[in-house]
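Asks: This is the structure I want to talk about, given as structure tokens.
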Amino acid sequence: MAPPFALTASGVMSRRINHDFNILTSVGHDRTVQLSLVKGQTPLFPRIFGHEASGVVESVGEGVTHLKPGDHALPVFTGECGECAHCKSEESNMCELLRINTDRGVMINDGKSRFSKDGKPIHHFLGTSTFSEYTVVHAGCVAKINPAAPLDKVCVLSCGICTGFGATVNVAKPKPGSTVAIFGLGAVGLAAAEGARVSGASRIIGIDLVSARFEGAKKFGVNEFVNPKDHDKPVQQVIAEMTNGGVDRAVECTGSIQAMVSAFECVHDGWGVAVLVGVPNKDDAFKTAPINFLSERTLKGTFYGNYKPRTDLPSVVEKYMNGELEVDKFITHSIPFSEINKAFDYMLKGESIRCIIRMQD
């Protein structure tokens, strides 16, 4: 299945420890990510897609104490149960109970769907299903936020922007004046560049196969650009020559295994750190010479920018509210829900970064 999507009506019922939401959602993930979610997963259909949104709590189930009707919140595709070893650790956001699961199309507590049509169940998607006026979400996948925050802006923080921004500020941690390479200038890569800008990096080098992206990337802090197709040598070698031995930090946001290797091999020996964000093909193998590790280069992976959804997202929203994080520039389009397929057209043509879908005109 792929776009176009069909609009239909379905019934939604609330159950224990879950919530109904009035939703404002967005579209505009990097192309490879979005299409893999739609086309490359277990074929559970019919299904309500969508996973990046903001909403207002309509009701709460038994046992829910951190939310109440009327609260403004972000539903998130991964969760924070608060009880498992990962949630209790300051070093992980990989909740054992609620971490991302693309194959599960039902609620985790009882294995049933909350959506139906003509008595037949409709599957959930990533625990959120935000292409719907109302949805039902596990309590651990809901972050309560400042009610003054504009929902039509902060909705983009529930996935891609936090993924890229957090990869830089929470994992790569560039120092002021450092040099940072960003592989891939889609929405996640631009968010990673924004993280480098906010961190005070002096050189932010964008690497992308589409040269036209450089101009738009400048407002996210990218001040140099490399298109690997313009060179007859590996891009990691090009970058090393540009930077007197390599960059201080590299953040890979494409999912290309070659880009991952290049990101690692382009960091400076002794202190360079490369962070992998993109999701590769499950059969890909990362291959590099062991000497690259012995030369004190560091390779890290990250998931959702290392943010714990319930604990950390409220503070990210506050960064937007006080001007530390510029979210508005990621939003290039806004359309009514009835025109959802137009949003995917923008995405597939590379004409948008984030397109907001308004459930109510």
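The values are calculated or read from the model by the stated rules, or taken from the named source; none is laboratory data. Source: prediction; values computed, not measured. Glycine also receives a Cβ, built like all others from the backbone with ideal geometry; neighbour counts cover every protein chain displayed.
Asks: When THR332 is evaluated against the numbered criteria (1) touching a strand residue (DSSP E or B) at 6+ places or on another chain (Cβ under 7 Å); (2) surrounded by 18 or more Cβ atoms within 10 Å (Cβ to Cβ), which criterion, by number, is the only one it fails?
Replies: (2)
Asks: Scanning for something free of Cβ contacts under 8 Å to residues at least 60 places away in the same chain, more than 17 Å from THR298 (Cβ to Cβ) and part of a helix (DSSP H, G or I), does region 181-195 turn up at least one residue?
Replies: Yes, region 181-195 has at least one match.
Asks: With (1) over 23 Å from the mean Cα position of the chain (by Cα); (2) over 17 Å from GLY177 (Cβ atoms) as the list, and SER202 as the residue in question, which single condition is left unmet?
Replies: Only one criterion in (1) over 23 Å from the mean Cα position of the chain (by Cα); (2) over 17 Å from GLY177 (Cβ atoms) is unmet by SER202, namely (2).
Asks: How many residues does region 33-59 contain that are on the phi < 0 side of the Ramachandran plot and modelled with pLDDT of 90 or more?
Replies: Of the residues in region 33-59, 13 are on the phi < 0 side of the Ramachandran plot and modelled with pLDDT of 90 or more.
Asks: Continuing with the same structure: Of everything in region 58-117, what is touching a residue at least 24 places away in the same chain (Cβ under 8 Å), among the small types (Gly, Ala, Ser), outside any strand (DSSP E or B) and under 21 Å from PHE45 (Cβ atoms)? Give them in sequence order.
Replies: Within region 58-117, just GLY105 meets the criteria.
Asks: So, one more: Of all the strands (runs of 3 or more DSSP E) wholly in region 271-359, which have at least 1 residues that are touching a residue at least 12 places away in the same chain (Cβ under 8 Å) and out of contact with any helix residue (DSSP H, G or I) (no Cβ under 8 Å at 6 or more places or on another chain)?
Replies: By residue number, 298-301, 331-336.
Asks: Mind listing just one residue for me: the one in region 300-329 that is hydroxyl-bearing (Ser, Thr, Tyr) and surrounded by 13 or more Cβ atoms within 10 Å (Cβ to Cβ) and, of those, nearest to ALA172 (Cα to Cα)?
Replies: Among those residues, the one meeting the criterion is THR302.
Asks: Mind listing just one residue for me: the one in region 217-227 that is surrounded by fewer than 18 Cβ atoms within 10 Å (Cβ to Cβ) and in contact with a helix residue (DSSP H, G or I) (Cβ under 8 Å, 6 or more places away or on another chain) and, of those, farthest from ALA240 (Cα to Cα)?
Replies: Applying the filter and picking the extreme gives LYS219.
Asks: What is the number of the single condition among (1) part of a loop (DSSP other than H, G, I, E, B); (2) closer than 24 Å to MET321 by Cα; (3) in contact with a Phe, Trp or Tyr (Cβ under 7 Å, 6 or more places away or on another chain) that ALA148 does not meet?
Replies: Exception for ALA148: condition (3).
Asks: So PRO150 passes all but one of these: (1) outside the structural domain of VAL76 (by TED's automatic domain parsing); (2) closer than 11 Å to GLY55 by Cα. Which condition number does it fail?
Replies: Here PRO150 meets the rest and fails (1).
Asks: Would you call LEU294 in the same structural domain as GLN258 (by TED's automatic domain parsing), buried (at least 19 other Cβ atoms within 10 Å of the Cβ), within 26 Å of ILE257 (Cα to Cα) and not basic (Lys, Arg)?
Replies: Judged against the criteria, LEU294 is not a match.
Asks: Can we say PHE131 is farther than 20 Å from ARG354 by Cα, buried (at least 16 other Cβ atoms within 10 Å of the Cβ) and of a type in the set (Phe, Trp, Tyr)?
Replies: For PHE131, the condition - farther than 20 Å from ARG354 by Cα, buried (at least 16 other Cβ atoms within 10 Å of the Cβ) and of a type in the set (Phe, Trp, Tyr) - is not met.
Asks: Here's something else I'd like to know. Is it true that ALA143 is crowded, with 24+ Cβ neighbours inside 10 Å and not assigned by TED's automatic domain parsing to the domain that holds GLU339?
Replies: It is false that ALA143 is crowded, with 24+ Cβ neighbours inside 10 Å and not assigned by TED's automatic domain parsing to the domain that holds GLU339.
Asks: Go through region 201-252 and tell me which strands (runs of 3 or more DSSP E), entirely inside it, have 1 or more residues that are among the acidic types (Asp, Glu).
Replies: 224-226, 249-252
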